[in-house]
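Reading through the structure tokens given below for one structure.
The values are calculated or read from the model by the stated rules, or taken from the named source; none is laboratory data. Because the structure is a prediction, the values reported are computed rather than measured. Methodologically, a virtual Cβ is constructed for each residue, glycine included, from the backbone with ideal geometry; neighbour enumeration extends over all protein chains shown. Accessible surface is based on the protein model in full, side chains and every heavy atom, while ligands, DNA and RNA are left aside. Shrake-Rupley method; radii C 1.70, N 1.55, O 1.52, S 1.80 Å.
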Amino acid sequence: VEFGEIQVLCDARSIIVIRRGTPVPLTGLRRTLESTEGALTGGPVEVLHAVVDQIVDSYHAVLAGIDDDVSEVELDVFAEVDRRGTALVERIYFLQREVLGVHRALHPLMVALPVLRTDPIVTVDDRWDAYFRDVQDHLNRQADISFDPKKTTQAKIEAAVNATRYQIIKAQPPKSPS
């Protein structure tokens, strides 16, 4: 999973979007806004909402991919055929780093969105609060979902370690009574 950064500067008459790294692509969003009649009648706030909504919605695919990876790791951890070992533990740790990366990416949005909802540029029209509240609800769901794999990967690490310990103990010759 690769993350980037998007900064948005917005006032009542203009909006500037600055992208760094490899953030969510916005070219499709721009084309949609420009080609859809009436899509820009809300001015810069309309674009701001569309950008934030696109960013939040993009986490759904990331979290679905992580969920698939967690399921695959679970199958490997509890497989009858011994596929445990350093490769599996490394994969679990890599997966855990990805989950932590998602948390680090979601956190600034979780802080900024409630503040944005109280900004005069948004509060000038009541309809924007409903739109941004909807985005915040999506973000909260994504954050809740992202916590589940974090707990799950930790449990899988512990299960893999315990299963490996069991295999080591089982492979040792029995001790003879002294």
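Could you check the stretch 37-46 and list, in sequence order, the residues that are part of a helix (DSSP H, G or I) and either touching a Pro at 6+ places or on another chain (Cβ under 6 Å) or open to solvent by less than 30 Å² (accessible area, probe 1.4 Å) (or both)?
PRO44, VAL45
From the list VAL111, VAL8, VAL52, VAL102, pick out the single residue that is in contact with a Phe, Trp or Tyr (Cβ under 8 Å, 6 or more places away or on another chain) and closer than 19 Å to TYR131 by Cα. Spell out how you get there, then give the answer.
Working: VAL111 fails: in contact with a Phe, Trp or Tyr (Cβ under 8 Å, 6 or more places away or on another chain); VAL8 fails: in contact with a Phe, Trp or Tyr (Cβ under 8 Å, 6 or more places away or on another chain); VAL102 fails: closer than 19 Å to TYR131 by Cα.
Of the residues listed, the single one that is in contact with a Phe, Trp or Tyr (Cβ under 8 Å, 6 or more places away or on another chain) and closer than 19 Å to TYR131 by Cα is VAL52.
Of all residues being in a loop (DSSP other than H, G, I, E, B) and modelled with pLDDT under 90 in the stretch 13-36, which is surrounded by the fewest Cβ atoms within 10 Å (Cβ to Cβ)? Just the residue, please.
Initial filter on the stretch 13-36 (in a loop (DSSP other than H, G, I, E, B)): 13-14, 22-26, 36.
Keeping just the survivors that are modelled with pLDDT under 90 gives 22-26.
Numbers: THR22: 10, PRO23: 18, VAL24: 18, PRO25: 12, LEU26: 17.
Once the filter is applied, the top-ranked residue is THR22.
Taking the stretch 130-144, which residues are open to solvent by 50 Å² or more (accessible area, probe 1.4 Å) and either of a type in the set (D, E, K, R) or over 19 Å from the mean Cα position of the chain (by Cα) (or both)?
Start the filter on the stretch 130-144 by keeping residues that are open to solvent by 50 Å² or more (accessible area, probe 1.4 Å), which leaves 131, 133-134, 137, 140-141, 144.
Residues satisfying the conditions are TYR131, ARG133, ASP134, ASP137, ARG141, ASP144.
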* Asked: Could we say that LEU95 is assigned to a helix (DSSP H, G or I), open to solvent by less than 70 Å² (accessible area, probe 1.4 Å) and at pLDDT below 90 here?
  -> yes
* Long-range neighbours under 8 Å by Cβ, at least six apart or interchain, first residue without any contact (Cβ under 8 Å) to a residue 40 or more places away in the chain within the stretch 29-44, second open to solvent by 100 Å² or more (accessible area, probe 1.4 Å) -> LEU40/GLU34; GLY43/ARG13
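Is there a residue in the stretch 129-138 that is closer than 15 Å to VAL47 by Cα, touching a strand residue (DSSP E or B) at 6+ places or on another chain (Cβ under 7 Å) and modelled with pLDDT of 90 or more? Show your work before the answer.
Kept after step one, since they are closer than 15 Å to VAL47 by Cα, are these residues of the stretch 129-138: 129, 131-132, 135.
Filter once more, keeping what is touching a strand residue (DSSP E or B) at 6+ places or on another chain (Cβ under 7 Å): none.
No, the stretch 129-138 contains no residue that is closer than 15 Å to VAL47 by Cα, touching a strand residue (DSSP E or B) at 6+ places or on another chain (Cβ under 7 Å) and modelled with pLDDT of 90 or more.
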* Boolean, VAL73 is open to solvent by less than 70 Å² (accessible area, probe 1.4 Å) and closer than 18 Å to PHE3 by Cβ -> no
* Complete set of residues in the stretch 85-115 that are among the small types (Gly, Ala, Ser), within 19 Å of VAL8 (Cα to Cα) and within 10 Å of the chain's Cα centre (by Cα) -> ALA105
* What residue, among those in the stretch 48-64 that are open to solvent by 30 Å² or more (accessible area, probe 1.4 Å) and in contact (Cβ under 8 Å) with a residue 12 or more places away in the chain, is farthest from GLN96 (Cα to Cα)? -> HIS49
* Of the residues that sit in the stretch 79-90 and are at pLDDT below 70 and touching a helix residue (DSSP H, G or I) at 6+ places or on another chain (Cβ under 7 Å), which one is surrounded by the most Cβ atoms within 10 Å (Cβ to Cβ)? -> ARG84
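For GLY4, are the conditions met, namely being at pLDDT below 90 and touching a Pro at 6+ places or on another chain (Cβ under 7 Å)? Write out each step before concluding.
Details: at pLDDT below 90: yes; touching a Pro at 6+ places or on another chain (Cβ under 7 Å): yes.
Answer is yes for this residue.
If I ask for residues that are open to solvent by less than 30 Å² (accessible area, probe 1.4 Å) and not acidic (Asp, Glu), which ones from the stretch 98-120 would you list?
We begin by selecting, within the stretch 98-120, every residue open to solvent by less than 30 Å² (accessible area, probe 1.4 Å); these are 98-99, 101-102, 105-106, 113.
Hits for the stretch 98-120 are VAL99, GLY101, VAL102, ALA105, LEU106, LEU113.
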